[in-house]
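Contents: one structure, followed by commentary.
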Amino acid sequence: MDIMEAMRQRHSVRSYREIAIPQEVRGQLRAKITEANRESGLHVQLVCDEPKAFSGMRARYGKFTGPNNYFAMVGPKGPALDETVGYEGEKLVLLAQQLGLNTCWVGMTFTKVPSAFEVAHGEKLACVIALGYGNTDGVAHKSKPLAELCNAGADTLEWFLAGMRAAQLAPTAVNQQKFRFDLLSDGRVRATTAAGFFANMDLGIAKLHFELGAGTQNFNWA
């Protein structure tokens, strides 16, 4: 499965089977985490076989059942944290999809288990990403039309349109899609977001999707 197919097939899953993630798959996930942490300065950690995070009232409110594994998305406090977490976390989500796993971004409906991961001084847990083998593969959600997400016109370059089609597939909190991409006259791309629930994290996710669809060789960020 290539990365574009992973985008198309990946949907949020909240109900999981009690199947352990094989050690080989864990190793591939941890290798990607090491790479992401080195490039971004985050402190992401893979937590496996830990049922407490999704066994309380918050998880029941979020309609979660069965996830015993998750990515703890930890990083340095600051205004850039959420966008960085979105960008790097979606890399992990897409790799998980390629490895046959299901995922769900979780901002609030889980219980923090401090003994399961490390949050150093000056860091915070931004969110977690539930991980495992789902009872289903989830369902696609309706996306806003391109006209509401960018300034594409009849003569828009194909690479920009390809980036936007990928961005349309990006998961966002409560499917809000607050992000916007504009192709500037100098060929650069400006990505912005309106205020919203986890909107900056969503922007990071959408920017990764856009890059993967458009090809980073075709543009620079404004």
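The values are calculated or read from the model by the stated rules, or taken from the named source; none is laboratory data. As the structure is a computational prediction, the values presented were derived from the model and not from experiment. When we count neighbours, we look across all protein chains shown, and the Cβ atoms used for this are built from the backbone with ideal geometry, even at glycine. Ligands, DNA and RNA are stripped out before the accessible areas are found, and what is left, the full protein with its side chains, is counted by its heavy atoms. Shrake-Rupley method; radii C 1.70, N 1.55, O 1.52, S 1.80 Å.
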- Query: Is the range 81-90 home to any residue that is on the phi < 0 side of the Ramachandran plot and either outside any helix (DSSP H, G or I) or among the basic types (Lys, Arg) (or both)?
  - Reply: no
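Can you tell me which of 170, 195 is modelled with pLDDT under 95 and not aromatic (Phe, Trp, Tyr)?
Only one candidate qualifies: 195.
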With the first residue restricted to the range 1-26 and required to be over 23 Å from residue 68 (Cα atoms) and modelled with pLDDT of 95 or more, and the second required to be open to solvent by 60 Å² or more (accessible area, probe 1.4 Å) and not in a helix (DSSP H, G or I), Cβ contacts under 8 Å at 6 or more apart or on different chains are 7/169; 8/169
Given the conditions (1) among the aliphatic types (A, V, I, L, M); (2) in contact (Cβ under 8 Å) with a residue 24 or more places away in the chain; (3) within 22 Å of residue 173 (Cα to Cα), every one holds for residue 29 apart from (3)
Residue 85 being under 19 Å from the mean Cα position of the chain (by Cα), closer than 21 Å to residue 140 by Cα and among the β-branched types (Val, Ile, Thr)
no
Residue set 124, 144, 112, 91; condition within 17 Å of the chain's Cα centre (by Cα), open to solvent by 30 Å² or more (accessible area, probe 1.4 Å) and farther than 15 Å from residue 14 by Cβ; output residue 91
Taking the range 93-109 and keeping residues closer than 15 Å to residue 175 by Cα and either at pLDDT 95 or above or part of a helix (DSSP H, G or I) (or both) leaves 104, 105, 106
- prompt: Any residue at all in the range 198-210 that is under 13 Å from the mean Cα position of the chain (by Cα), within 25 Å of residue 10 (Cα to Cα) and polar (S, T, N, Q)?
  reply: yes
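Restricting to the range 160-178, what's the tally of residues that are on the phi < 0 side of the Ramachandran plot and open to solvent by 40 Å² or more (accessible area, probe 1.4 Å)?
So the count comes out to 4.
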Residue hits (the range 179-191; within 15 Å of residue 168 (Cβ to Cβ) and open to solvent by 40 Å² or more (accessible area, probe 1.4 Å)) are 180
The condition from (1) surrounded by fewer than 16 Cβ atoms within 10 Å (Cβ to Cβ); (2) under 17 Å from the mean Cα position of the chain (by Cα) that residue 130 misses is numbered (1)
Can you confirm whether the range 192-205 contains a residue that is under 18 Å from residue 159 (Cα atoms), in contact with a helix residue (DSSP H, G or I) (Cβ under 7 Å, 6 or more places away or on another chain) and surrounded by 12 or more Cβ atoms within 10 Å (Cβ to Cβ)?
no
